[in-house]
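A short worksheet on the structure shown next.
Readers should treat all values here as calculations from the given coordinates under stated rules, not as data from a laboratory. Everything numeric in this text was worked out from a predicted model, so none of it was measured. When we count neighbours, we look across all protein chains shown, and the Cβ atoms used for this are built from the backbone with ideal geometry, even at glycine.
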Amino acid sequence: MTHEIAVIPGDGIGQEVTPAAVEVLEAIETVDFEFVEGDAGDAVKAETGEALPQETRDIAADADATLFGAAGETAADVILPLREVVGSFANVRPARSYPGLDAVQPDTDIVFIRENTEGVYTGIESEITEGVRTLTRVITEEASRDIAEYGFDYAKRNGYEDVTIAHKANVMRQTDGLFLETAEAVAEERSVPRTDERASGEAASSGLTYDTALMDALAMHLVMTPEEYDVIVCPNLAGDMLSDLSAGLVGGLGLLPSANVGEDNALFEPVHGSAPDIAGEGVANPSAMILSAAMLLEHLGYDEEGEHVRTAVESVLESGPRTPDLGGDAGTTDVTDAVVDEL
Ligand code: ATP
Ligand code: MG
């Protein structure tokens with residue numbers, strides 16, 4: 001079976017790190033890929049007037065999955081519609097520290113499962129009168145259920161032990177009340193006990209437990225004791241902020257992959273942007289993009305291959321060539337070649 005992958009490098013270092021990820025995928029002998037390239041971003045906008053041409057949308061819509069690099073000024077005009085094209089409801093952002101690298105918290109392995117369609121990012125804002133503006137925060141049972149189900153399934157599939165549901169239902173009683181209630185209902189349907197019930201000896205049908213956490217207190221706990229968390233399911237804005245916070249704990253944008261997952265399509269991208277300050281110099285760290293490709297493999301059901309890629313990246317990070325952001329003087333291709341050699 002051949003998997004069609006849309007490849008959209010975009011701008012800046014997207015042009016350098018995306019080919020690195022493609023090279024790594026091509027090195028996986030057990031999976032067949034067909035890569036179809038599309039343009040998006042500042043450069044194509046300057047040429048055609050459109051940051052995301054219809055042709056690129058079609059390529060992403062028809063593919064089994066998309067690899068996206070980065071877009072510069074036009075980022076919002078590219079990534080928001082692309083997330084819609086793949087029908088993405090979940091933003092998956094692992095924050096994992098790697099052996100041998102400096103990190104604020106070297107014992108971190110957390111995966112944020114962020115609701116990606118509503119919350120405060122609805123764009124429903126208005127000026128009531130001069131000096132007074134409002135924003136409508138939308139939480140639906142359907143989207144809350146989708147993200148909670150995805151979070152619990154993800155935790156189970158990937159061998160994590162605990163799910164934390166982040167919320168602020170004590171203040172946003174209606175909206176986060178619904179989010180929390182729905183997520184807890186999903187836990188109950190799956191017979192996942194609360195962490196404290198597990199401690200008191202209640203039997204569970206799965207190895208998982210779950211807990212709930214107020215998102216502000218959670219921010220503090222993440223800084224102090226990130227090793228206590230596994231999978232964190234969050235509303236949109238909280239997921240955005242808490243995952244960035246945790247990115248800071250493990251050290252460096254060049255390391256963080258992400259996935260935008262939909263019902264039957266998905267898009268994988270590094271957390272970093274186009275990095276215009278280093279673009280064109282051949283020194284961008286390809287790790288985040290290659291780790292995004294590992295997530296793509298897992299998404300397509302190739303867990304073992306995904307794990308191989310991750311292990312290869314880990315081993316290069318520990319003892320292979322390093323790009324300048326990690327204190328080395330290697331280039332993008334040196335690191336990519338080292339990862340391919342490991343494979
Ligand atoms: P954009 O507007 O596209 O987000 P930006 O200026 O915000 O661009 P980012 O890509 O978000 O840039 O990167 C922020 C900083 O991190 C920059 O100094 C950049 O060089 C660095 N950086 C980001 N990604 C990488 C990478 N893969 N390798 C090395 N350095 C990186
Ligand atoms: Mg940026």
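Of note:
- A simple rule links phi to the HN-Hα coupling: the Karplus curve 6.51 cos²θ - 1.76 cosθ + 1.60 with θ = phi - 60°, which for segment 178-192 gives 5, 4, 5, 4, 5, 5, 5, 5, 4, 4, 5, 4, 8, 6, 8 Hz, with x for Gly and Pro.
- Of interest is the spacing of the C-alpha centroids, which for segment 298-316 and segment 13-49 amounts to 19 Å.
- Degrees separating the helix 303-319 axis from the principal Cα axis of the chain, which is the longest one: 70
- About the centre of its Cα atoms, the chain shows a dipole size close to 1060 debye [charges on the beta carbon of Lys, Arg (+1) and Asp, Glu (-1) only; nearest 20 debye].
- Selection of trypsin sites (Lys or Arg not before Pro), segment 165-274, meeting DSSP coil and at most 15 other Cβ within 10 Å: Arg173
- Summing Cβ point charges (Lys, Arg +1; Asp, Glu -1) relative to the Cα centre of segment 117-256 gives a dipole of roughly 100 debye.
- Look at the Cα gyration tensor of segment 7-153: its axes a ≥ b ≥ c give a/c of at least 1.5 with a/b at or below b/c, and that counts as oblate.
- Spatially, segment 89-148 and segment 52-67 are offset by 24 Å when compared through their Cα centroids.
- Relative contact order of the chain: 23 percent, from C-alpha pairs under 8 Å at least 6 residues apart in sequence.
- For Val7, the residues 5 or more places off, or on other chains, whose built amide H falls under 5 Å of its own are Val36, Glu37, Gly38, Leu67.
- C-alpha long axis of helix 332-342 to longest principal axis of the chain, angle in °: 80
- C-alpha long axis of helix 287-299 to longest principal axis of the chain, angle in °: 60
- Here the simple spin-label model places points 7 Å from the Cα toward Cβ, and for Ala185 and Leu214 these points are separated by 2.5 nm.
- For the chain, built as a Gaussian network whose Cα springs stay under 10 Å, the top-fluctuating residue of Val171, Val283, Val231: Val171
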